[in-house]
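See structure below.
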Amino acid sequence: MKTESNVKTVMASQHVVYARMSDLNNVGKVRERFDDPDFQQQLSQQVPDDQKIEEIRERLDSMQFDADSVSMDVPPIGNVAIRIIEREPEKCIKFESINSPIHFYMWVQLLPLTDTTSRMRLTVEADVNPFMRMMVEKPLREGVEKLADMLASLPY
């Protein structure tokens, strides 16, 4: 099952967005910024009402990361991770799930718009049997769109 987000405009150049997204150590920089009141204010305007900033902080605190992967403990599943499996400089970053109940691939495509803005599309392809597809299709589509919105709104 394949799901794509709408094309998003990112307020940073293609080069800058790719540099940040292609090195998952940058997740740590987001975690460090949580102590900055200005960052918290900016984030509170972007976080949907059904999520709390503290929940996001807790999730970030439980993550382990390196340049190629991000993992976290998800009770009762255990350690779930995504890893970068391919980089096409400044154009595309492909990810794969590890230990996830549903195996999936995700890729972020980037295109230049201007010298200071770019466009992004997020695609997820999940290995889902036909019975499960009916149950997860709508939530997956909505989740991909929300994740794309969040990635597009990050301060790069």
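The values are calculated or read from the model by the stated rules, or taken from the named source; none is laboratory data. All values reported here derive from a predicted model rather than from experimental measurement. Cβ atoms come from the backbone with ideal geometry, glycine included; neighbour counts cover every protein chain shown. We work out accessible area using only protein heavy atoms, side chains counted, and drop any ligands, DNA or RNA first. Shrake-Rupley method; radii C 1.70, N 1.55, O 1.52, S 1.80 Å.
What number of residues within region 62-88 are more than 22 Å from residue 32 (Cα to Cα) and part of a loop (DSSP other than H, G, I, E, B)? Number of matching residues: 3. Scanning region 75-112 for residues that are at pLDDT 95 or above and among the hydrophobic types (A, V, I, L, M, F, W, C) yields 84, 85, 92, 93, 95, 106, 107, 108, 110, 111.
Hey, any hits in region 149-156 for a residue that's in a loop (DSSP other than H, G, I, E, B), over 20 Å from residue 23 (Cα atoms), open to solvent by less than 90 Å² (accessible area, probe 1.4 Å) and in contact (Cβ under 8 Å) with a residue 12 or more places away in the chain? No; the residues of region 149-156 include none that is in a loop (DSSP other than H, G, I, E, B), over 20 Å from residue 23 (Cα atoms), open to solvent by less than 90 Å² (accessible area, probe 1.4 Å) and in contact (Cβ under 8 Å) with a residue 12 or more places away in the chain.
Taken over region 102-147, the criterion of being more than 22 Å from residue 80 (Cβ to Cβ) and open to solvent by less than 40 Å² (accessible area, probe 1.4 Å) is satisfied by 110, 117, 118, 120.
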